[in-house]
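Here's the structure, in C-alpha cells; my notes come after.
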Amino acid sequence: MKLKVEYEAGLEQALHGLSLSYYKSDMPFEEYYTTEVRDKMFKLVSKLNLRAIKEGNFSHSKVLRQIHIWVLVTSTRSFWSQFDTYTVGVVRQSASTMHTLAKTNLSYSDFSENTDKTVIDTFLKLKESTNNIVTLRDNLPEGFLQTRMVNLNYAALQNILIQRGKHRYKTEWVEFKRSLQNQLAYTELLKWGDDESNIFY
C-alpha cells in the first residue's frame, strides 16, 4: 500500500465554531477568541471524541466532521472492496479499471507483492489473447493495484479506525492506520490504539 496525505483543511474553522458554544456575549467575539481560547478548544475536541467513543454516541462529533483530509491511496482491489463500505463522509475518485486494463502493457508492478506470480502470469496471458474488457475485468486478480483520491473527515476516519480494528483482514488496514498516523497534522484528536495485538483498539 502507498498512502500520501495530500491536504488537510478546516481545523481552525471547526475550533472557531466550537468556541461559539462558550462565547460570552458581553464582549466582542474577536476579544473572546484568543489564542488561549483556541488552544482550550483544541484540547476539548480530543476529550469530546474520547467520551463519544466510550459512550458510543457520535452525535456530538460535529467538530471532527468539519476537519477534512484528502489522501492518495494505492492498494489492492480486495482492500477497496472493504473500503467501499464507507460512504458517509467519504468521497472517492479512482483511476478507471477499464482504462488501466486497456493499457498496452501490464507487469508484476501492477499487482500486490503478495499476489502469486502464477496468478499474474495467467492473467497476463489472458490479456494477450483478448481485448474484451468485460472478460479481463471478470478475471482480474484481487491483488491488482488501484489508485484513488479519497476525501474524508476526521469523524469518518475515527469510525473506520474503530470498525476495522478487529477485522480479520488486518494487514492493509494496519498499514493504512500507520501511514495516516505518521502523516496527519492533528493525530491527537483521534483515538488510534497502541496494543499491537489489537492495533486499533
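Considering the range 123-139, and only residues there that are outside any helix (DSSP H, G or I) and either in contact with a helix residue (DSSP H, G or I) (Cβ under 8 Å, 6 or more places away or on another chain) or of a type in the set (A, V, I, L, M) (or both), the residue that is nearest to residue 112 (Cα to Cα) turns out to be 139. Sort out which residues of the range 61-99 are under 21 Å from residue 193 (Cα atoms) and part of a loop (DSSP other than H, G, I, E, B), and write them in order of number. Hits for the range 61-99 are 61, 67, 86. Within the range 168-201, the set of residues being assigned to a loop (DSSP other than H, G, I, E, B) and modelled with pLDDT of 60 or more comprises 168, 169, 170, 184, 185, 186, 190, 191, 192, 193. For residue 103, the criteria (1) in contact with a strand residue (DSSP E or B) (Cβ under 6 Å, 6 or more places away or on another chain); (2) at negative phi; (3) not polar (S, T, N, Q) hold in every case but one, which is (1). Scanning the range 140-156 for residues that are in a loop (DSSP other than H, G, I, E, B) and either within 30 Å of residue 52 (Cβ to Cβ) or of a type in the set (D, E, K, R) (or both) returns a single hit, 142. Go through the range 4-45 and report how many residues are outside any helix (DSSP H, G or I), exposed (fewer than 14 other Cβ atoms within 10 Å of the Cβ) and charged (D, E, K, R). Residues that pass the stated criteria total 4.
Tallying residues that are farther than 15 Å from residue 159 by Cβ and either at pLDDT below 85 or surrounded by fewer than 15 Cβ atoms within 10 Å (Cβ to Cβ) (or both) within the range 55-71 yields 0.
The values are calculated or read from the model by the stated rules, or taken from the named source; none is laboratory data. Being a predicted model, the structure only gives us computed values, none of them experimental. We place every Cβ from the backbone using ideal geometry, glycine too, and count neighbours over all the protein chains shown.
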